[in-house]
Amino acid sequence: MIRKQDLGFRLGTGAFALVLILIVVAIGFELTRQSMLSIQKFGLAFWRTDTWDPVAEEFGALPFIWGTLYSSVLALALATPVALGIAVFISELCPDWLKQPLVFLTELLAAIPSIVYGLWGIFVMVPAVRVLETSLPPTLRQLPVFSGPPLGVGMLSAALILAIMVIPFTSSVAREVLKAVPGAQREGAYALGATRFEAIRAALFYARTGIIGAIMLGFGRALGETMAVTMVIGNNPKVSLSLFAPQYTMAAVIANEFTEAADQLYLNALIEIGLVLFIITLVVNGLSRLLIWSMARSGSRSRAAAAAAPAEVTAA
Amino acid sequence: MMKTFACVAAVSLLAGATVLAQTTINGAGATFPNPIYSKWFAEYNKLHPNVQINYQSIGSGGGIQQITKETVFFGASDGPMTDEQLKAAPGPILHFPTVLGAVVPVYNITGVSSDLKFTGPVLADIYLGKITKWNDPAIVKLNPGAKLPATDITVVHRSDGSGTTYIWVDYLSKLSPEFQSKVGVKTSVNWPIGVGGKGNEGVSGLVTQTPGAIGYVELIYALQNKISYGSVQNAAGEFVKASVQSVTAAAAGAAAKMPADFRVSITNAPGPGVYPISSFTWLLLYENPKDKAQGKMMTDFMKWALTDGQKYCAELGYAPLPSNVVKMEMAALAKIKGS
C-alpha cells in the first residue's frame, strides 16, 4: 500500500518528467509547423540540395548539414584524446596538491562565453592557423583535404575552436566517471600483478559506457555551437572536403540570417534548418544511447566471462 | 515647514500627473540607425516628457515583420519594403527616410598605403571572382601610381543578413548586369566566392588580418575606427571618397526623381560630388494608425527629427537629409491620420 505522501511525490515528479517530454514534442511540432512552406516546396530535396540563394528563393540544407557534421566530427577527433588524457591524469596520476587547481581550471574553460572564444579565435587563433597553413609543404597541398588558398578562417579553425570548447565537458564527465570506478577494480588488477598502465586501462574499460556518454555530450555541444564557430569558419555554404575551405554550419546560418529574413519562404527555410538540426541531434543522441546500451550488454557478458575465468584458474 | 510640505506635495502630484500622462510608443527594426534613433528618442523625451519612445534594434527584417503584425507602432528598415510585403500588411504603410548611410570598400594590400580608386564594374568583377589578382589590368588602369602586387584577392563579405550588404549589392547590380543576374539584391545573397565575416567588425577583422583582402563596411564604422577606404567612381565620372557631405549630395541628387512613397534606391545617384554607394534608412508608419493619439505624437516627433533632430547626425557620423527631401517628407507626414 502506497502512502499518500509517496503518491503525491510520485505524481509530482512524474509531472515534471512529463513536462520534459512535452517540451521536446512541442519543439518538434512548432518547428515543423513554422517551416511548412519550405517543406511543401522543397520536400526531401531540402536535405540534399547545395544551393542557398535567398534572392532566387532556392534553399537547400546540404552545405550546412555537411559543415556541422564535419566540424563536429573533426573537433571530436581532436578533443577526445586530450580530454581523456586530462581525465586520466587528474583521477589516477595527479599529485593531490595539483588536483584541485586542475579541476578548477578545466571547469573554468567550460564557463567562458562562446563569444569570447570567437573573438580570441578571430584575433589570435586564425592568424596562427594561417601561418600553419602557409607553411605546409606544397606536396601536401596537392591533397584534397588541404586544397584552396590558406585563408586562416575555415574548417580547420572551426574544428580547433570547437575542440577547445568541448574538452572541458568531456574531461569533466570522464573524470567523474573514472572516480566512480570502484577501488576494488584497480586493487584487483594490482593484485593480479598488473602495471599501473594496465590498471588504468582496466579502469577505463570498466567505465567505458560512461566515457562514451562523456564523448557524446561533447559531440552534442559541438553540433549546436554557434557564435564561436561562425566567427572563424568563413561562412560559405559550399560542400568541401578541404580543411582550408571556408564552410558553414546550421546553427551559424540561423543566427546570421534570421534577423534580416523578411520573406515567408526564406523564414520557413531557416526554421526548417532548425528542424533538421533538431532531428540530427535526436538521431545522434539516439545512436549514442544505442551504442552505450549494446556496450553495456556485451560488457555484462564479458564480465561474466571474467568472473568465470578466476574460477578456472583455481580449478587448474 | 508647512510650506516645504506643500511644495513637496505639489511636486509629487505633478510628477504623478506626468507619469499618468506619459505615453510609450514602441518601435522595432534596423540596427544601422539605432545610435541616432536612441539619441533622438532621448532628446525628444527631454523636450516632451510625456512621450516615451521605445526602440528595439532587432534588424530590418524583424522590423518589417513586427509592423506588419502590428505588434509595434512603427518599424524601421535599411531597405524599402517590397510590393509583396506592403500587400501583406493590414493597411497602407508609409516610408520616411530619416538619415543616410554609405558603404565603403576597405582593403589590405602589402605595400599600398595610398587610397585606391574603384569603379562599380571593377568591384562587381572582383565580387564575381572574375578579377582575381591585385595587379589585374583593370585595377592598374584606375590606379597608375600605386604599386599593385600580384597577390591573390581574398573577397570578404558579410555573413549576417544586413542592410549594408543590401546597399553594396544594389550598387554592384546597377553597374554590372552580370552581377544583377548571377547574384541579385537582398540583405543576404548567394555569394559566388569569398569568406563571410559577422558584422562590420567581422569583415574589418578579416580584411586587416588577411593580406590581399577586400571587404565592405559601413562608412560610420570606418570613420569611428579610423580605417582607410577607397574612393568609388560616381555616375558623373568623378572618383569620390565617402564623407558626410558626399553622401548627403547623393540624396539631393536623387530628390529630382523621388517617388511619392520615398521607396527609392539612391545608389549611383546623378550629380557632381555624389558618393555612389549611399542609401536612405527608413522609418515605417501606418497611414491610418489604430491609435490616433500615438499617430499624432509620432507625426510631431518626425517633424522634429527631420528638422532639429538632424543636427545630431554629424556627431554620430550619419549624413543628414538634404533640405529638398525634408520638404517633401513634411508634406507626406500630413497624410498620417492622427487625432
Checklist outcome for this item: Matching residues in segment A:246-267 (crowded, with 23+ Cβ neighbours inside 10 Å and either small (Gly, Ala, Ser) or within 13 Å of chain B (Cβ to nearest Cβ) (or both)) number 12
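One line per residue, one yes/no per condition, for (1) basic (Lys, Arg); (2) closer than 30 Å to B:Lys241 by Cα; (3) surrounded by 23 or more Cβ atoms within 10 Å (Cβ to Cβ):
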position	(1), (2), (3)
B:Thr68	no, no, no
B:Gln85	no, no, no
B:Asp115	no, yes, no
B:Ile126	no, yes, yes
Item to check | Residue in segment B:283-308 that is nearest to B:Gly79 (Cα to Cα), counting only those that are open to solvent by less than 10 Å² (accessible area, probe 1.4 Å) and out of contact with any helix residue (DSSP H, G or I) (no Cβ under 9 Å at 6 or more places or on another chain) | outcome: B:Met298
Checklist outcome for this item: The number of residues in segment A:46-59 that are within 14 Å of chain B (Cβ to nearest Cβ), open to solvent by 60 Å² or more (accessible area, probe 1.4 Å) and touching a residue at least 40 places away in the same chain (Cβ under 8 Å) is 1
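Under the condition of being crowded, with 19+ Cβ neighbours inside 10 Å and touching a helix residue (DSSP H, G or I) at 6+ places or on another chain (Cβ under 7 Å), which residue from segment B:129-147 is nearest to the other protein chains (Cβ to nearest Cβ)? Step through it out loud before you land on a result.
In the first step, residues of segment B:129-147 are kept if they are crowded, with 19+ Cβ neighbours inside 10 Å; the result is B:131, B:134, B:139, B:146.
Filter once more, so that each one left must be touching a helix residue (DSSP H, G or I) at 6+ places or on another chain (Cβ under 7 Å): B:131, B:139.
On the way: B:Ile131: 15, B:Ile139: 19 Å.
Among residues in segment B:129-147 that are crowded, with 19+ Cβ neighbours inside 10 Å and touching a helix residue (DSSP H, G or I) at 6+ places or on another chain (Cβ under 7 Å), the one nearest to the other protein chains (Cβ to nearest Cβ) is B:Ile131.
For (1) assigned to a helix (DSSP H, G or I); (2) modelled with pLDDT under 95, each residue gets a yes or a no:
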{"site": "B:Ala102", "(1), (2)": "no, yes"}
{"site": "B:Pro105", "(1), (2)": "no, no"}
{"site": "B:Asp115", "(1), (2)": "no, yes"}
{"site": "B:Pro121", "(1), (2)": "yes, no"}
{"site": "B:Ala146", "(1), (2)": "no, yes"}
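B:Thr307: closer than 27 Å to B:Thr164 by Cα, of a type in the set (Ser, Thr, Tyr) and free of Cβ contacts under 8 Å to residues at least 40 places away in the same chain, yes or no?
Numbers: closer than 27 Å to B:Thr164 by Cα: yes; of a type in the set (Ser, Thr, Tyr): yes; free of Cβ contacts under 8 Å to residues at least 40 places away in the same chain: yes.
Yes; evaluated as a whole, the condition is true for this residue.
Residue-by-condition table, conditions (1) touching a helix residue (DSSP H, G or I) at 6+ places or on another chain (Cβ under 9 Å); (2) at pLDDT 95 or above; (3) surrounded by fewer than 22 Cβ atoms within 10 Å (Cβ to Cβ); (4) not small (Gly, Ala, Ser):
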position	(1), (2), (3), (4)
B:Glu178	yes, yes, yes, yes
B:Ser188	yes, no, no, no
B:Lys198	yes, no, no, yes
B:Leu206	yes, no, no, yes
B:Ser243	yes, no, yes, no
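Would it be correct to say that A:Val177 is open to solvent by 20 Å² or more (accessible area, probe 1.4 Å), on the phi < 0 side of the Ramachandran plot and in contact with a Leu (Cβ under 7 Å, 6 or more places away or on another chain)? Don't jump to the end; show me each part of the working.
Working: open to solvent by 20 Å² or more (accessible area, probe 1.4 Å): yes; on the phi < 0 side of the Ramachandran plot: yes; in contact with a Leu (Cβ under 7 Å, 6 or more places away or on another chain): no.
When the stated conditions are applied, A:Val177 does not pass them.
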Checklist outcome for this item: When A:Val229 is run through (1) open to solvent by less than 70 Å² (accessible area, probe 1.4 Å); (2) more than 14 Å from every other protein chain (Cβ to nearest Cβ), the failure sits at (2)
Checklist entry - Among the residues of segment B:65-88, how many are within 13 Å of another protein chain (Cβ to nearest Cβ), in a loop (DSSP other than H, G, I, E, B) and free of Cβ contacts under 8 Å to residues at least 60 places away in the same chain? => result 2
Checklist entry - What are the residues in segment B:52-61 that are out of contact with any strand residue (DSSP E or B) (no Cβ under 6 Å at 6 or more places or on another chain) and open to solvent by less than 30 Å² (accessible area, probe 1.4 Å), if any? => result B:Gly59, B:Gly61
Checklist outcome for this item: Matching residues in segment B:182-241 (part of a loop (DSSP other than H, G, I, E, B), away from chain A (no Cβ under 14 Å) and in contact (Cβ under 8 Å) with a residue 24 or more places away in the chain) number 9
Checklist entry - With respect to A:Gly67, is the statement that it is within 25 Å of the chain's Cα centre (by Cα), touching a residue at least 24 places away in the same chain (Cβ under 8 Å), within 26 Å of B:Asp160 (Cα to Cα) and open to solvent by less than 50 Å² (accessible area, probe 1.4 Å) true? => result yes
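May I ask you to list the residues in segment B:155-181 that are of a type in the set (Asp, Glu), part of a helix (DSSP H, G or I) and over 17 Å from B:Val104 (Cα atoms)?
Just the residues of segment B:155-181 that are of a type in the set (Asp, Glu), to begin with: B:160, B:170, B:178.
Subset that is part of a helix (DSSP H, G or I): B:170, B:178.
Correct list: B:Glu178 only.
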Checklist entry - Out of segment A:1-45, which residues are loosely packed, with under 12 Cβ neighbours inside 10 Å and not in a helix (DSSP H, G or I)? => result A:Met1, A:Ile2, A:Arg3
Checklist entry - If you go through segment B:160-174 one residue at a time, do you hit one that is more than 14 Å from chain A (Cβ to nearest Cβ), buried (at least 19 other Cβ atoms within 10 Å of the Cβ) and closer than 30 Å to A:Val232 by Cα? => result yes
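Collect the residues in segment A:103-124 that are open to solvent by less than 50 Å² (accessible area, probe 1.4 Å) and away from chain B (no Cβ under 11 Å), keeping them in residue-number order. Break it down stepwise before answering.
Within segment A:103-124, the subset open to solvent by less than 50 Å² (accessible area, probe 1.4 Å) is A:103, A:106, A:110, A:114, A:117-118, A:121-122.
The answer is A:Val103, A:Thr106, A:Ala110, A:Ser114, A:Tyr117.
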Checklist outcome for this item: Within segment A:149-166, restricting to residues that are open to solvent by less than 10 Å² (accessible area, probe 1.4 Å), touching a Leu at 6+ places or on another chain (Cβ under 8 Å) and within 10 Å of chain B (Cβ to nearest Cβ), the one that is nearest to A:Ala251 (Cα to Cα) is A:Gly154
Checklist entry - Given the structure, is B:Gly271 outside the structural domain of B:Val122 (by TED's automatic domain parsing) and open to solvent by less than 30 Å² (accessible area, probe 1.4 Å)? => result yes
Item to check | Residues satisfying the stated conditions in segment A:240-266, i.e. among the hydrophobic types (A, V, I, L, M, F, W, C), closer than 20 Å to A:Ile161 by Cα and assigned to a loop (DSSP other than H, G, I, E, B) | outcome: A:Leu241, A:Leu243, A:Phe244, A:Ala245
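The values are calculated or read from the model by the stated rules, or taken from the named source; none is laboratory data. Everything quoted here is computed from the prediction, not taken from an experiment. Glycine gets a Cβ as well: all are built from the backbone with ideal geometry, and neighbour counts include every protein chain shown. To get the accessible areas, we keep the full protein, side chains included, count just its heavy atoms, and leave off ligands, DNA and RNA. Shrake-Rupley method; radii C 1.70, N 1.55, O 1.52, S 1.80 Å.
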